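Step one of this worksheet: look at the structure below.
Only the coordinates and a few stated rules stand behind these numbers; no lab work does. These figures come from a predicted structure and were not determined experimentally. Counting neighbours? That spans all protein chains shown, and the Cβs are built from the backbone with ideal geometry, glycine included.
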Amino acid sequence: MKHNRQLVFLCSGSDCKGAGAKSIKKELKSELKSGSLKGRCKLIETKCLDMCKSAPVGIVENFFCKKTTSSQFINEIKKALNVQG
């Protein structure tokens, strides 16, 4: 059985954590457990992505989400997965 999941990367370096990566992670995990993204993607926390001036930083497909918020990041994931809502 083939199981396609979108890999989503979120920087967990100190600058990104200070700029809001913790809240992004918290909201994304809740969306992954019960929301429209359930079973559709996998969150991978990375070490520093060396883009500290653009913190917080995440990667969806081949797109870097710089100075992102949780809602922007989740919307970018939904757009990549063609999820409505």
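Taken over the stretch 7-31, residues that are more than 12 Å from Leu49 (Cβ to Cβ) and crowded, with 17+ Cβ neighbours inside 10 Å amount to 6. Within the stretch 38-54, restricting attention to residues that are assigned to a loop (DSSP other than H, G, I, E, B) and in contact with a Lys or Arg (Cβ under 7 Å, 6 or more places away or on another chain), the residue that is surrounded by the most Cβ atoms within 10 Å (Cβ to Cβ) is Arg40. Considering (1) in a helix (DSSP H, G or I); (2) free of Cβ contacts under 8 Å to residues at least 12 places away in the same chain, the lone condition that Asn4 does not fulfil carries the number (1).
Number of residues in the stretch 35-65 that are over 14 Å from Gly13 (Cα atoms) and either out of contact with any strand residue (DSSP E or B) (no Cβ under 9 Å at 6 or more places or on another chain) or of a type in the set (D, E, K, R) (or both) equals 9. Within the stretch 60-75, the set of residues being surrounded by fewer than 19 Cβ atoms within 10 Å (Cβ to Cβ) and of a type outside the set (Gly, Ala, Ser) comprises Glu61, Asn62, Phe63, Phe64, Lys66, Lys67, Thr69, Gln72, Asn75.
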